[in-house]
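Working notes, structure below.
The values are calculated or read from the model by the stated rules, or taken from the named source; none is laboratory data. These numbers were taken from a predicted model, which means no experiment stands behind them. Cβ placement follows ideal geometry from the backbone for every residue including glycine, while neighbour counts extend to all protein chains displayed. All accessible areas refer to the heavy atoms of the entire protein, side chains included, with ligands and DNA or RNA removed. Shrake-Rupley method; radii C 1.70, N 1.55, O 1.52, S 1.80 Å.
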Amino acid sequence: MTFVYPRESTKVHPPRPFPDYKSTVRRSPTKPLVIMPHTRSELTGPVYGHEAVQRGDDDLTSHGKSGEPLGERIIVHGRVLDEDDRPVPSALVEVWQANACGRYIHQVDQHPAPLDPNFVGAGRVVTDQNGYYKFITVKPGPYPWGNHPNAWRPAHIHFSVFGHSFLSRLVTQMYFPGDPLFPFDPIFNAVSDPKARDRMVSSFDLDHGVPDWALCYRWDIVLRGRNQTPMER
Ligand SMILES: [Fe+2]
């Protein structure tokens, strides 16, 4: 694993203030960032959370009190990679998402879609020696948000990945192929490079679904470097 993280690679990320995404204007720093040189402490750890992963945390359909959640059951899988396409083993991958109706269990989300008592919408897993991860979940629905009139988020799953150090943490969103909301979503389009936007979109993977049970989507995550998966600002 290389410990050299070229700053050039960070250009893939969306700009901090992106006026079309209204809340970024209020959240963004107004002064230039102070660049801190990487030292051994940033490059070698510590990271946390791995030890808390329990059996079954990777199956978001298994956390209900009275059965499975409603919606389209799907498998999401892929690999966590470094900039040279090498697998990142033992990376902590955490996900959170809306239910099949596009509703989060969160005080702030009060839009008129039903909650699902059998869906919490959070899971986690640690990658294996090949950098591989897999979740079972339901396909999230799109949801409205108050950014602009008739604003809807494309269906997405939030991902947080801790690689081998804090500097290889990535917080991002995975989208589904062919979503008609892509052209209208300021968060998706805050990533200006079309190739980088494509790296946020999973691919339909019929071969790795389970017949009569679940369809599958494949999504590889690149933590740093020239092919980095864009960060959510
Ligand atoms: Fe979301």
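Would segment 183-194 turn up any residue that is of a type outside the set (S, T, Y), within 12 Å of the ligand (Cβ to nearest atom), assigned to a strand (DSSP E or B) and under 22 Å from K139 (Cβ atoms)?
no
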- Message: What are the pairs with Cβ atoms under 7 angstrom where one residue, in segment 134-159, is over 14 Å from V120 (Cβ atoms) and basic (K, R) and the other, located anywhere, is part of a strand (DSSP E or B) and within 12 Å of the ligand (Cβ to nearest atom)? Sequence gap at least six, or different chains.
- Response: R153/Y143
- Query: Has segment 111-124 got at least one residue that is over 21 Å from R55 (Cβ atoms), touching a residue at least 12 places away in the same chain (Cβ under 8 Å), within 15 Å of the ligand (Cβ to nearest atom) and charged (D, E, K, R)?
  - Reply: no
- Just need a number here: residues in segment 128-179 that are acidic (D, E) and closer than 18 Å to P112 by Cβ. 0
- Message: Looking at the structure I just gave you, is Y104 open to solvent by less than 70 Å² (accessible area, probe 1.4 Å) and within 16 Å of the ligand (Cβ to nearest atom)?
- Response: yes
